[in-house]
Amino acid sequence: MSGRPDRKEEGRKGARGAAKRGEKRVARNASSKAYMNLAAALATVFTAGVYTREELQAAVCTFVSEMKDGGETGEGVVKAAQGLVTEVGSRFPSSERTQMLLADMVSWCLAEYYRETA
């Protein structure tokens with residue numbers, strides 16, 4: 001007996017840890033494309049002032065779906081969406097529109113996250 005843990009046990013623990021890290025990486029990559037699309041949609045909202053509500057809502061729903069599939073909680077999804085609005089909105093003059101947009105997006109996030117899939 002050498003006092004060292006059994007190598008087989010170390011290998012199993014290492015594999016589980018690597019799998020969890022891989023899952024987090026997949027979740028982050030899955031949401032990155034949706035994140036970029038939502039950021040672009042938000043930039044359009046803030047710069048153009050005219051936007052299609054349905055297109056923005058669709059971008060939000062895609063973002064939420066991908067984050068949920070990646071294992072994110074409802075609260076985490078809402079916080080990420082709020083952070084994105086704040087981040088993108090900070091590049092433009094502050095307005096009431098930002099607060100209205102945040103309220104709409106929170107509603108959309110929660111509705112999509114908790115929507116029943118058939």
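For this structure, a couple of remarks:
- Residue among THR44, THR73, THR52, THR62 that is under 15 Å from the mean Cα position of the chain (by Cα) and free of Cβ contacts under 8 Å to residues at least 24 places away in the same chain: THR73
- Filtered by the rule that a residue be among the acidic types (Asp, Glu) and modelled with pLDDT of 85 or more, the stretch 78-99 gives a lone residue, GLU87.
The values are calculated or read from the model by the stated rules, or taken from the named source; none is laboratory data. Fair warning: this is a prediction, and the values are worked out from it, not measured in the lab. Heads up, the Cβs are rebuilt from the backbone with ideal geometry, glycines too, and the neighbour counts pull from every protein chain shown.
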